[in-house]
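Trainee: For reference, the structure I am asking about is given below.
The values are calculated or read from the model by the stated rules, or taken from the named source; none is laboratory data. Please read these numbers as outputs of a predicted model, since none were measured by experiment. In this analysis, Cβ positions are derived from the backbone assuming ideal geometry, glycine residues included, and neighbour counts consider all displayed protein chains. Heavy atoms of the whole protein, side chains included, go into the accessibility calculation; ligands, DNA and RNA do not. Shrake-Rupley method; radii C 1.70, N 1.55, O 1.52, S 1.80 Å.
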4 protein chains.
Amino acid sequence: MFDGVLARGRVARAVSDEAWLRAMLAAEAALARAQGLPEEVVEAIAGARLDPGELGERAAESGNPVVPLVEALRRLAGPDVHRGATSQDILDTAAMLVVAVALEPLGEDLAAAADAAARLAEEHRATPMIGRTLLQQAVPTTFGLKAAGWAAGLDAARGRLAAFRPAAQLGGPAGTLDGLGTDALARYAAALGLEEPVLPWHTDRTRIAELAGGLGAAAGAIAKPAGDVVLLAQTEVGEVREAAPGGSSSMPHKRNPVAAVSARACARQAPGLVATLLAAMEHEHERAAGAWHAEWAPLRALLVSTGSAAAWLRSCLEGLEVDAGRMHANLGDTPGVDGAVASAAALVDRALAARVQPS
Amino acid sequence: MFDGVLARGRVARAVSDEAWLRAMLAAEAALARAQGLPEEVVEAIAGARLDPGELGERAAESGNPVVPLVEALRRLAGPDVHRGATSQDILDTAAMLVVAVALEPLGEDLAAAADAAARLAEEHRATPMIGRTLLQQAVPTTFGLKAAGWAAGLDAARGRLAAFRPAAQLGGPAGTLDGLGTDALARYAAALGLEEPVLPWHTDRTRIAELAGGLGAAAGAIAKPAGDVVLLAQTEVGEVREAAPGGSSSMPHKRNPVAAVSARACARQAPGLVATLLAAMEHEHERAAGAWHAEWAPLRALLVSTGSAAAWLRSCLEGLEVDAGRMHANLGDTPGVDGAVASAAALVDRALAARVQPS
Amino acid sequence: MFDGVLARGRVARAVSDEAWLRAMLAAEAALARAQGLPEEVVEAIAGARLDPGELGERAAESGNPVVPLVEALRRLAGPDVHRGATSQDILDTAAMLVVAVALEPLGEDLAAAADAAARLAEEHRATPMIGRTLLQQAVPTTFGLKAAGWAAGLDAARGRLAAFRPAAQLGGPAGTLDGLGTDALARYAAALGLEEPVLPWHTDRTRIAELAGGLGAAAGAIAKPAGDVVLLAQTEVGEVREAAPGGSSSMPHKRNPVAAVSARACARQAPGLVATLLAAMEHEHERAAGAWHAEWAPLRALLVSTGSAAAWLRSCLEGLEVDAGRMHANLGDTPGVDGAVASAAALVDRALAARVQPS
Amino acid sequence: MFDGVLARGRVARAVSDEAWLRAMLAAEAALARAQGLPEEVVEAIAGARLDPGELGERAAESGNPVVPLVEALRRLAGPDVHRGATSQDILDTAAMLVVAVALEPLGEDLAAAADAAARLAEEHRATPMIGRTLLQQAVPTTFGLKAAGWAAGLDAARGRLAAFRPAAQLGGPAGTLDGLGTDALARYAAALGLEEPVLPWHTDRTRIAELAGGLGAAAGAIAKPAGDVVLLAQTEVGEVREAAPGGSSSMPHKRNPVAAVSARACARQAPGLVATLLAAMEHEHERAAGAWHAEWAPLRALLVSTGSAAAWLRSCLEGLEVDAGRMHANLGDTPGVDGAVASAAALVDRALAARVQPS
């Protein structure tokens, strides 16, 4: 009912139950291969057709979906499946695989939004407009500089997410690698295209925290331009307009900045979800009694929300219509325009030149 | 995949897309009746068969699912459907209907958990155990007093949720009731079994905040006994055991307190979601540019998580096995048992006598 | 450095170290009296002159400031001080005393802000203005109806806080009242003007959650009108103006709506602090190993922030200048003004009539 | 009253009002120098003696303490002080200077805690203990591996904080550098030892988000070992003991793990504060109407809490007494000890070898 607004774009599919199941099977298959099990076992695992809903339901018995998964796989492929591993090995690894896939469209939408902002910056590097502080008209700037600031925030956020290195998880019940060995860990990680950690990280959740922080920062970097578009699109300001504004159920003629509004709504999910993930970092002993399970929902929701926010902002900025005439009119006879425009335009040039790898 | 653990019980179904759609249709039908439209129009609305997934998808155009809903209903039942109303009238009213339904099983599970705790309190009013402060053994108490404390927290939380009064929403685009009238509002609210508000509350979200606060408190009241069960069930303590403990994928013989662990995991979703709802209270002007949309997901997730936590705790406490012998052994030769037991037992009696309407 | 902005009003003083110390002494004195200790002991406790900074420093040894407090009081008034009690008895009781005092100015500022909104509602019940949804001009309303909505939110929030009943805390180390007795509890609570709880609530934190939820709702109810004032005061909108707008360091001529801006800044502290308090509800066994200590700072900060937000909003609304001419101009030739104004004005009358106990 | 517990260590002083004032003066002095003002002006600024409390109070008029600061400095050093700058230039720069100073002791305490954990890891690389999952005894591990996991989390968190690059802020009222120029920005940043940003970042708060995320992750990395110590120190487990445990007001003989308990309490402040900072990223236009002011308190509180948590954990781990005999006893006749110990010890060696720059 709400996914059209709150789960736009391609991230939602990348974190679906089906995607999680595929990732869990990939982890079990890679483990089997790393342990030198026969190729037919590996293939039986990798090709298993299971129903995520049923696994989810049966997860209630043991508290996680890997227990019924392993039971099903052992029926299919023999008792050596999952040998020496623990549920969290598989689920954490699957989480990292899911994250890696989900960050691709998220990163693309962030990049596209930043590129759109950069194009606006370039085009309007010297388009004068009034600068507003505390929502009061202040001194002149250019629309290009405002857009360059949007791009800077989005680029910074994207850069941090791009630096995230998903790592494999393997350690066995107490994280000792007993019966597994570091060689198996190395092969397992390599087979999955994930980083090999120095230690199992069952209870060291700094990776999750880093990811959460990066997503939270991205959501905030998205909220900034989205908020500006909403404000600039106000009837009384009228300096920008979305390409596909929306009507309302009572006033079909309205031109609501739906993309910016929806981007804001999605972005606002992030801070609370980040807090949930950070608060869940205190894992007891060798594996936590609730804190780990507490990560699953907010991690997924944070990816979806931030991805949706990025997709909305991309739509918003790629089609943004800028009304330079209205900017000029709102500027009125504010003094100091020429100097401010020159200075702002130079800053825009500097910012655009500094952008790394414009995609 | 995770719903078996994180969406236990009956709340998830009560807040499903289907449930939301039914509630939205109920709101539109009540509005039509309140406006005196022909009964066939009312019935056409109430009986409409629509696809929530499709509405959700089309919601992306306008930013909310009521716009496509109204279009579909007008095709079915004529142009007078939704006359004078705004999307938020319908969606907020639907939210309150959904909440009212969802709070029933949630309240029942909370009550059942509290009752189970009260039964434990009664049975073990004088069962001595060591009291523990900062997780160090301190002075004696009884298991009954501990359980009475659980019941007290659960009862308090349930009482607050039971006092929540869902209210109808109706005001039209600017909340003036222009073209609607307070009589229609009264009939609309009455038809839906919702409270009639003094004013439309499109941008006064104190109701949502009250609900959020109540759910957050309930989650915390659940987390307390769940945490205690996890601690008491430790191998080294061994004073309680769940009736249906779970094994692990590597150690099938383990007796993990799955219900308590899962209750904790669910309860820990709440604080961040409450924060999201509180942070979304700043609605601009007559209807918000994002803050309203930002409520939908956390409200639903908060109901599901708290309801799931309650269902898990109910399972945990209804089947809890108490090992009075082990409690006695752990108490060792701690002095002062008799006086402490007498005092604790008296407190238990007082607490049980003070329980209102034991269900 | 930041208190002028973030700790306005009288709440900050009510929660100062000095205030906490006074409350702790009051609790110890009431306990001594409830236990029938000689009046000179009671007076020695009540009149003790201690340095909160020194107690705070010495608190590091035991983890809470009551331990050094009791040592100091026993030197002054003999070994019977604090007999049978535990640190948390005193500190929780002190917290409730501090809260009771702090809620007075907070409630007064909330009430005054609501009254100011109600006066604006009455005065402008029929002052037409454009209603704005998603920050786009929509259909007409009146400024009075907007202000009545502000009052409704503030009244609701105030009502919830006014319903909070601070309770005494007394139970001894394991909460059994062993060596204390329910009679002493009753006398203790009565002497302090606090509610007598059925059970000690050392680890049942639903009271704290209720308070936190009420403060969070109040902050949100404050943020709504503060946000509207900021938006209405925009240069391009110009429909309201604060009585004492502020300049900036670079543009002394600016008329920034400082009170509304500061109210927003204070109100935004609340959601995160509420989350911290809710997340701290899982207290282990008879007294928590960190969760209790984790409450002290956010409870104080939440009171100060919400109180400061209320004080700022009161200043903002009591002096708000409304520009009906500008409202009329912004309305332009929007159709349907007369009907909307009549309907809105009637709603204002209804809302004002429904206000309970206008202070 | 609570600072002994909640503001341990050296960070609190580094973020005091005095420290902020010094940083603001340093920023104004660096600006004056960058603009080529006479050295006596620079020195008059740098050496000004002002009262932060008075500035804070007067900040209420304009909404920030820079306005009265500049007025005072202009009286001292002439009208060219602060030329072309805006309040946020000075306050953001001061924040970065304060952060840079505060991160030093915080980093040192984190490093010392990690080093202590690493020493425990080395010493106990092959000390067998039972591994515990979901707080149930599971399979063997070594205490060294547990401690190595603590070190890994602390090292990761410290590494992220060490990578934070505080940047200067300079842009003038609308962030155009009009009347300032990029040369002045470069000189200003260099003089302060801060990074020169490509653009003014008045409304691009990704830097603040990065810092907040890093501090939140550090708090979580601290909470993990603190929680383990609390659990291991339980009377029934008894495998570790703090060097300076604390008594209670009623039971002076108790040996509470005060340092670990306090570390947890401090660490639990972080998630909510991080959420507040992330939620404040949506800055309107050229400077925000509340979101910026909303950062001041949580940024300071987050630094203090995380720093205090680090200082407590350092104390806890540096003096931790490990009871290998009790570990052996608790292990009982669990099978598979030898293999697990060998595997765990090898992992410890690998982890210690991988530590970068042990301090």
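Trainee: Can you name every residue in segment C:259-274 that is open to solvent by 10 Å² or more (accessible area, probe 1.4 Å) and closer than 30 Å to B:ARG132 by Cβ?
Mentor: C:LEU273, the sole residue that qualifies.
Trainee: Consider only pairs whose beta carbons are under 7 Å apart and that are at least six residues apart or on different chains; among these, list those whose first residue lies in segment B:188-202 and is buried (at least 22 other Cβ atoms within 10 Å of the Cβ) and whose second residue is of a type in the set (Lys, Arg).
Mentor: What qualifies is B:TRP201/B:ARG207; B:HIS202/B:ARG287.
Trainee: Can I ask one more? Just to be sure before I move on: is C:GLY53 closer than 27 Å to D:ARG264 by Cα, among the small types (Gly, Ala, Ser) and open to solvent by 10 Å² or more (accessible area, probe 1.4 Å) in the structure I sent?
Mentor: yes
Trainee: Further question: Among the listed residues D:ASP51, D:ASP89, identify the single one that is out of contact with any helix residue (DSSP H, G or I) (no Cβ under 8 Å at 6 or more places or on another chain) and either within 12 Å of chain C (Cβ to nearest Cβ) or within 20 Å of D:PRO298 (Cα to Cα) (or both).
Mentor: Within the list D:ASP51, D:ASP89, the selection yields D:ASP51.
Trainee: Another one. Would you please name the residue that is farthest from the other protein chains (Cβ to nearest Cβ), looking only at residues in segment D:126-184 that are of a type in the set (Asp, Glu) and buried (at least 24 other Cβ atoms within 10 Å of the Cβ)?
Mentor: D:ASP155
Trainee: Among the listed residues A:PRO79, A:PRO65, identify the single one that is within 22 Å of B:GLY246 (Cα to Cα) and either open to solvent by less than 10 Å² (accessible area, probe 1.4 Å) or among the polar types (S, T, N, Q) (or both).
Mentor: Testing whether each residue is within 22 Å of B:GLY246 (Cα to Cα) and either open to solvent by less than 10 Å² (accessible area, probe 1.4 Å) or among the polar types (S, T, N, Q) (or both) leaves just A:PRO65.
Residue-by-condition table, conditions (1) out of contact with any Leu (no Cβ under 7 Å at 6 or more places or on another chain); (2) closer than 30 Å to C:ALA226 by Cα:
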| position | (1), (2) |
| --- | --- |
| D:SER250 | yes, no |
| D:VAL261 | no, no |
| D:LEU299 | no, yes |
| D:SER308 | no, no |
| D:CYS316 | yes, no |
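Trainee: Quick one: B:ALA346 ticks every box in (1) more than 30 Å from C:LEU180 (Cβ to Cβ); (2) not in a loop (DSSP other than H, G, I, E, B) bar one, so which box is it?
Mentor: With respect to (1) more than 30 Å from C:LEU180 (Cβ to Cβ); (2) not in a loop (DSSP other than H, G, I, E, B), B:ALA346 is out only on (1).
Trainee: Now, a different point. So is D:GLU321 under 29 Å from D:THR141 (Cβ atoms), modelled with pLDDT of 95 or more and in contact with a strand residue (DSSP E or B) (Cβ under 6 Å, 6 or more places away or on another chain) or not?
Mentor: In short, yes.
Trainee: Now for a separate question. Of the conditions (1) of a type in the set (Gly, Ala, Ser); (2) surrounded by fewer than 22 Cβ atoms within 10 Å (Cβ to Cβ); (3) more than 8 Å from chain C (Cβ to nearest Cβ), D:ALA94 fails just one. Which one is it?
Mentor: For D:ALA94, the exception is condition (2).
Trainee: Another question, if that's okay. If a residue has to be crowded, with 23+ Cβ neighbours inside 10 Å and not in a helix (DSSP H, G or I) to count, how many in segment C:306-330 make the cut? Step through it out loud before you land on a result.
Mentor: Let us first name the residues in segment C:306-330 that are crowded, with 23+ Cβ neighbours inside 10 Å, namely C:306-317, C:320.
Then drop every residue that is not not in a helix (DSSP H, G or I), which leaves C:320.
Of the residues in segment C:306-330, 1 are crowded, with 23+ Cβ neighbours inside 10 Å and not in a helix (DSSP H, G or I).
Trainee: Report yes if some residue within segment D:97-114 is over 20 Å from D:ARG314 (Cβ atoms), assigned to a loop (DSSP other than H, G, I, E, B), more than 9 Å from every other protein chain (Cβ to nearest Cβ) and open to solvent by less than 20 Å² (accessible area, probe 1.4 Å); otherwise report no. Talk me through it step by step, then tell me what you get.
Mentor: In the first step, residues of segment D:97-114 are kept if they are over 20 Å from D:ARG314 (Cβ atoms); the result is D:97-100.
Adding the requirement that they be assigned to a loop (DSSP other than H, G, I, E, B) leaves none.
No.
Trainee: Now a separate question. Sort out which residues of segment A:216-234 are facing chain D (nearest Cβ under 9 Å), closer than 19 Å to B:HIS285 by Cβ and either outside any helix (DSSP H, G or I) or touching a His at 6+ places or on another chain (Cβ under 7 Å) (or both), and write them in order of number.
Mentor: Scanning segment A:216-234 gives A:ASP228, A:LEU231.
Trainee: A follow-up question, please. For the structure I just gave you, tell me whether D:ASP228 is open to solvent by less than 10 Å² (accessible area, probe 1.4 Å) and of a type in the set (Asp, Glu).
Mentor: yes
Trainee: Let me ask something else about it. Conditions first: (1) away from chain A (no Cβ under 11 Å); (2) outside any helix (DSSP H, G or I); (3) under 24 Å from the mean Cα position of the chain (by Cα). D:ASP333 passes all but one, so which condition is the exception?
Mentor: (3)
Trainee: Just checking, how many residues over segment A:54-80 are within 29 Å of the chain's Cα centre (by Cα), within 9 Å of chain B (Cβ to nearest Cβ) and without any contact (Cβ under 8 Å) to a residue 40 or more places away in the chain? Full working, then the answer.
Mentor: Initially, segment A:54-80 is screened for residues within 29 Å of the chain's Cα centre (by Cα), giving A:54-57, A:59-60, A:63-67, A:69.
Within this subset, residues satisfying the condition of being within 9 Å of chain B (Cβ to nearest Cβ) are A:55-57, A:59-60, A:63-67, A:69.
Retained after the next criterion (residues that are without any contact (Cβ under 8 Å) to a residue 40 or more places away in the chain): A:55-57, A:59-60, A:67.
Qualifying residue count for the region: 6.
Trainee: Further, regarding this structure: Pairs under 6 Å by beta carbon, first residue within 15 Å of A:LEU110 (Cα to Cα) in segment A:144-171, partner assigned to a loop (DSSP other than H, G, I, E, B) and open to solvent by 20 Å² or more (accessible area, probe 1.4 Å), six or more apart or different chains?
Mentor: A:GLY149/D:ASP204; A:ALA152/D:ASP204; A:GLY153/D:ASP204
Trainee: Follow-up. Name, by its number, the condition in (1) at pLDDT 95 or above; (2) buried (at least 19 other Cβ atoms within 10 Å of the Cβ); (3) farther than 16 Å from D:TRP296 by Cα that does not hold for D:ALA19.
Mentor: Result: D:ALA19 fails condition (3) only.
Trainee: Assess whether B:ALA280 counts as being open to solvent by less than 50 Å² (accessible area, probe 1.4 Å) and either in contact with a Phe, Trp or Tyr (Cβ under 9 Å, 6 or more places away or on another chain) or of a type in the set (A, V, I, L, M) (or both).
Mentor: For B:ALA280, the condition - open to solvent by less than 50 Å² (accessible area, probe 1.4 Å) and either in contact with a Phe, Trp or Tyr (Cβ under 9 Å, 6 or more places away or on another chain) or of a type in the set (A, V, I, L, M) (or both) - is met.
Trainee: Out of the residues in segment C:243-258 that are open to solvent by 10 Å² or more (accessible area, probe 1.4 Å) and in contact (Cβ under 8 Å) with a residue 40 or more places away in the chain, which is farthest from the other protein chains (Cβ to nearest Cβ)?
Mentor: If we take residues in segment C:243-258 being open to solvent by 10 Å² or more (accessible area, probe 1.4 Å) and in contact (Cβ under 8 Å) with a residue 40 or more places away in the chain, then C:ALA243 is farthest from the other protein chains (Cβ to nearest Cβ).
Trainee: Is at least one residue of segment B:117-140 farther than 19 Å from B:VAL229 by Cβ and assigned to a helix (DSSP H, G or I)?
Mentor: Looking for residues that are farther than 19 Å from B:VAL229 by Cβ and assigned to a helix (DSSP H, G or I), one finds none in segment B:117-140, hence no.
Trainee: All but one of (1) assigned to a loop (DSSP other than H, G, I, E, B); (2) at pLDDT 95 or above; (3) open to solvent by 10 Å² or more (accessible area, probe 1.4 Å); (4) touching a helix residue (DSSP H, G or I) at 6+ places or on another chain (Cβ under 8 Å) hold for C:VAL237; which doesn't?
Mentor: (3)
Residue-wise test of (1) over 18 Å from D:LEU313 (Cβ atoms); (2) away from chain A (no Cβ under 11 Å); (3) part of a loop (DSSP other than H, G, I, E, B).
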residue: D:VAL274; (1), (2), (3): yes, no, no
residue: D:TRP296; (1), (2), (3): yes, yes, no
residue: D:LEU299; (1), (2), (3): yes, yes, no
residue: D:LEU303; (1), (2), (3): no, yes, no
